[in-house]
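Taking it in order: structure first as structure tokens, then the write-up.
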């Protein structure tokens, strides 16, 4: 089988990192880039690997670029600490790497929101490129929600990554605030502008898209709360962007 490096970016993930690492401990190498965690993340990670870099956070894409640069092997699996590989996916990856037919592979996701598996809304049919040939793929260094540009062909795996990104409402609010700030900074780098009406319009559209157009209401209470929190995140992203340009009014 082709040798595999698993690349993980962390910050204060002591409640997640062990469960994540347990599902990839079969890999030939585990690389971790930690953004100066103040909890036990690094200590727990050292039980699985010595290849750990602790460095200031420079953005999601930049941290993952560093992890990929540290990887020894040609093939790499890119993960976050709140993600897990099912046993079926572990076996599928191992089988795929016996004779890869593509330069990258997209993997479906099952994301959980406050304990509920989300089937509809903005996360319907979610999948991302995560298994890559380092020679044929480039990580785009965005501040939030990194992207992989593939220079070759892309295949699809069938089994899922389990994503536990929002275990509680406190974590939802924390991440919504963080992501909206990073999203506004990304828009600022792109020379985008916004105002209050822009923020309101994006918030309303995001809610209607997730809850109505993409059938988020079929996920029950959690589908409604998710659509609202996504709408809030969009609203605050553009509102913060307007403040970055003009500053608060007094």
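Expressed in nm², what is the orientationally averaged projection area of the convex hull enclosing the Cα positions of the range 33-94?
On the way: hull surface 20.0 nm².
So the Cα hull casts an average projection of 5.0 nm².
Output the direction-averaged projected area (hull surface divided by four) of the convex hull of the alpha-carbon atoms of the chain, in nm². Walk me through the numbers before you get to the answer.
Numbers: hull surface 56.7 nm².
Its average projected convex-hull area is 14.2 nm².
Suppose R0 equals 45 Å; then what is the FRET efficiency for residue 208 and residue 94 from their Cβ-Cβ distance, rounded to the nearest 0.05?
With R0 = 45 Å, the Cβ-Cβ based efficiency is 0.60.
Going by how many other beta carbons lie within 10 Å of each one, how would you line up 217, 146, 166, fewest first? Please list the in-between numbers first.
Working: 217 14, 146 20, 166 25.
Going from least to most buried by this count: 217, 146, 166.
Under a 10 Å cutoff between Cα atoms, tell me which one of 68, 131, 188 has the largest fluctuation in the Gaussian network model of the chain.
Maximum fluctuation in the GNM of the chain, among the listed residues, is at 188.
Once Rh for the range 106-250 is found with the Kirkwood sum over Cα pairs, what is the Stokes-Einstein diffusion coefficient at 25 °C and 0.890 mPa s, in µm²/s?
Roughly 147 µm²/s, to the nearest whole number.
Hey, any idea what Rg/Rh is for the range 168-246, computing Rh the Kirkwood way over Cα pairs? Please list the in-between numbers first.
Numbers: Rg = 13.0 Å, Rh = 12.8 Å.
Using only Cα positions, Rg/Rh for the range 168-246 is 1.02.
What Kirkwood hydrodynamic radius do you get for the range 82-172 when you take the inverse of the mean 1/r over all pairs of distinct Cα atoms, in Å?
Numbers: mean 1/r = 0.0696 Å⁻¹.
That comes to 14.4 Å for the range 82-172.
Can you tell me the orientation of helix 220-246 relative to the chain, as the angle in degrees between its alpha-carbon axis and the longest Cα principal axis, to the nearest 10?
Helix 220-246 sits at roughly 70 degrees to that axis.
Counting helices only, and only those DSSP H runs with n ≥ 4, report the 222 nm mean residue ellipticity of the chain as the sum of -39,500 (n - 2.57) divided by its residues, in deg cm²/dmol to the nearest 500.
Calculated at 222 nm, the ellipticity per residue is -12000 deg cm²/dmol.
Once you've got the GNM for the chain with C-alpha springs shorter than 10 Å, pick whichever of 231, 194, 184 has the biggest mean-square fluctuation.
Greatest mean-square fluctuation among the candidates belongs to 194.
In degrees between 0 and 90, to the nearest 10, how far off the longest principal axis of the chain does helix 60-70 point, with axes built from Cα atoms?
Roughly 10 degrees, rounded to the nearest 10.
Between 0 and 90 degrees, rounded to the nearest ten: what's the tilt of helix 169-189 against the longest Cα principal axis of the chain?
Taking the Cα atoms of the chain, the angle to 169-189 is about 80 degrees.
In nanometres, what is the gap between the two model label sites at residue 12 and residue 221, each 7 Å from Cα along Cα-to-Cβ?
Modelled inter-label distance: 2.7 nm.
For the chain, modelled as a Gaussian network with Cα springs under 10 Å, which listed residue fluctuates most, 122, 135, 34?
Judging by the Gaussian network model, the answer is 135.
FYI, it's all coordinate maths here, none of it is from the lab. No experiment lies behind these values; they were computed from the predicted model shown. Cβ atoms come from the backbone with ideal geometry, glycine included; neighbour counts cover every protein chain shown.
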